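Student: Structure below; questions to follow.
The values are calculated or read from the model by the stated rules, or taken from the named source; none is laboratory data. Just so it is clear, the structure is predicted and the values come from calculations on it, not from any experiment. Reconstructed Cβ throughout: ideal geometry from the backbone, glycine too, with neighbour counts over all protein chains shown. Just so you know, the surface numbers come from the protein's heavy atoms only, side chains and all, with ligands and any DNA or RNA stripped out. Shrake-Rupley method; radii C 1.70, N 1.55, O 1.52, S 1.80 Å.
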Amino acid sequence: MAVVETQGLIMQYPRVRALDNLTLVIPEGVTGVVGVNGAGKSTLIKVLLGLLRPTGGGARVLGLDPATHGAQVRERVGYMPEHDCLPADVSAAEFVMHMAMMSGLPKDAARERTSEVLRHVGLAEERHRLMGGYSTGMKQRAKLAQAIVHSPALVLLDEPTNGLDPRSRDDMLSLIDRIGHDFGISVAVTSHLLGELERSADYIIVIDGGRLLRASQTTELTHTTGNVVVEVLGPLGCDRQVGQALVERGVTAWPSGSRIEVRVDRPETLDVIRDVVVELGLGLVRIQEVHHTLEEVFDRPAEPPTPAVAR
Ligand SMILES: Nc1ncnc2c1ncn2[C@@H]1O[C@H](COP(=O)(O)OP(=O)(O)OP(=O)(O)O)[C@@H](O)[C@H]1O
């Protein structure tokens, strides 16, 4: 089921068209919305929350039109803004509890949910410290906690890994994974880095210049290439020998570092590889499937470099 649908969305600022006829569907689960800085990600989120009224087209969020039912949308949707927006002189516990009560939870339930979500995001011990003294990673976690404290059906996270060091980035991505897959809250998360959402997102939407570039299941984008990499053991240059022998038997093969990449277009190809290695008196170390990463899908052509001959 779709949690968000947009149809021909246009957002024209005085000088910039930030969304340009954008039609997309965000399914349940974790969706990565990827695009370079200025692609229109934050504008899209603000339109979906009903904070900005689009100049054309429309959207449905959990079945509601945010342009006319913004308050109802925001009751059911959590939002983690990109920029630092936390009051410095308040503790995470006070802030998240305040947000919980603002969303309509009675005081006792708000207190209980606050300590629960602060534990989930890893801020249990620091919850009574003033947020002004928090590191960037802790601030991001506090922002995430306030976004999910009212148990929304959907949470919109705007660049949650921005400014984080590699370890905190990994922690944040694991948290997003848990929120989407263990807590049952659908997540739409934006990033300007394609590769980082590969692990957590079930679905990827790529936007560029306010337009939809691509939308598909992550597994479809990172599907196996149909190629294998063959590693052999033997004297210097033996990999080239294997490649040459494969090409002579009509197999498409080409060098890949110190190994040989082979197109497996029929099941017998794997037998041919084994026979060639044995005939040449070499050791077969491994035959490994080659997967595309998301970055490769967008940065590199899908076809092997030509000519497909190991020289
Ligand atoms: N309030 C505004 N008024 C005028 N132009 C705006 C406004 N907000 C954004 N823009 C412009 O709209 C375009 C899209 O911006 P947006 O912030 O949506 O992109 P983004 O993909 O979220 O990038 P970033 O991650 O850098 O915020 C940019 O060219 C930006 O300069």
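Student: Which of the following residues is assigned to a strand (DSSP E or B), more than 16 Å from the ligand (Cβ to nearest atom), assigned by the TED database to the domain that holds residue 139 and within 30 Å of residue 126 (Cβ to Cβ): 78, 8, 32?
Tutor: Values: 8 fails: within 30 Å of residue 126 (Cβ to Cβ); 32 fails: more than 16 Å from the ligand (Cβ to nearest atom).
Only one candidate passes the filter, namely 78.
Student: Just the residues that are hydrophobic (A, V, I, L, M, F, W, C) and over 24 Å from residue 184 (Cα atoms), please, taken from region 1-47.
Tutor: Those that are hydrophobic (A, V, I, L, M, F, W, C) and over 24 Å from residue 184 (Cα atoms): 9, 10, 11, 16, 18, 19, 22, 36, 39.
Student: Residue 93 passes all but one of (1) out of contact with any strand residue (DSSP E or B) (no Cβ under 8 Å at 6 or more places or on another chain); (2) within 15 Å of the ligand (Cβ to nearest atom); (3) under 26 Å from residue 177 (Cβ atoms); which number fails?
Tutor: Only one criterion is unmet by residue 93, namely (2).
Student: Let me ask something else. Has region 83-95 got any residue that is free of Cβ contacts under 8 Å to residues at least 60 places away in the same chain, on the phi > 0 side of the Ramachandran plot, over 19 Å from the mean Cα position of the chain (by Cα) and assigned to a loop (DSSP other than H, G, I, E, B)?
Tutor: No; the residues of region 83-95 include none that is free of Cβ contacts under 8 Å to residues at least 60 places away in the same chain, on the phi > 0 side of the Ramachandran plot, over 19 Å from the mean Cα position of the chain (by Cα) and assigned to a loop (DSSP other than H, G, I, E, B).
Student: Would you say residue 55 is among the hydroxyl-bearing types (Ser, Thr, Tyr), in the same structural domain as residue 134 (by the TED database) and touching a strand residue (DSSP E or B) at 6+ places or on another chain (Cβ under 6 Å)?
Tutor: yes
Student: If you take the residues in region 11-26 that are surrounded by fewer than 18 Cβ atoms within 10 Å (Cβ to Cβ) and part of a strand (DSSP E or B), which one is farthest from the ligand (Cβ to nearest atom)?
Tutor: Going through the qualifying residues, I end up with 25.
Student: Can I ask one more? Conditions: (1) in contact (Cβ under 8 Å) with a residue 24 or more places away in the chain; (2) more than 16 Å from the ligand (Cβ to nearest atom). Residue 115 meets all but one. Number of the miss?
Tutor: Just one mismatch for residue 115, condition (1).
Student: Residue 50 - would you say it is surrounded by fewer than 22 Cβ atoms within 10 Å (Cβ to Cβ) and within 21 Å of residue 162 (Cβ to Cβ)?
Tutor: No.
Student: Scan region 237-259 and give yes if some residue there is farther than 17 Å from residue 275 by Cβ, assigned to a strand (DSSP E or B), touching a residue at least 40 places away in the same chain (Cβ under 8 Å) and of a type outside the set (D, E, K, R), otherwise no.
Tutor: Yes: region 237-259 contains one or more residues that are farther than 17 Å from residue 275 by Cβ, assigned to a strand (DSSP E or B), touching a residue at least 40 places away in the same chain (Cβ under 8 Å) and of a type outside the set (D, E, K, R).
Student: Taking only region 153-204 into account, find how many residues are away from the ligand (no atom under 16 Å from the Cβ) and out of contact with any helix residue (DSSP H, G or I) (no Cβ under 8 Å at 6 or more places or on another chain).
Tutor: Count: 10.
Student: Hey, another quick one. Would you please name the residue that is modelled with the lowest pLDDT, looking only at residues in region 262-290 that are open to solvent by less than 70 Å² (accessible area, probe 1.4 Å) and part of a loop (DSSP other than H, G, I, E, B)?
Tutor: Among those residues, the one meeting the criterion is 264.
Student: Among the listed residues 201, 188, which satisfies the condition of being part of a loop (DSSP other than H, G, I, E, B), more than 20 Å from residue 136 (Cα to Cα) and of a type in the set (Gly, Ala, Ser)?
Tutor: Values: 188 fails: part of a loop (DSSP other than H, G, I, E, B).
Being part of a loop (DSSP other than H, G, I, E, B), more than 20 Å from residue 136 (Cα to Cα) and of a type in the set (Gly, Ala, Ser) holds for just one of 201, 188, which is 201.
Student: Show the residue pairs meeting these rules: Cβ distance below 6 Å; 6+ apart or different chains; first residue within region 31-55 and free of Cβ contacts under 8 Å to residues at least 24 places away in the same chain; second residue assigned to a loop (DSSP other than H, G, I, E, B) and more than 7 Å from the ligand (Cβ to nearest atom).
Tutor: 46/52; 53/67
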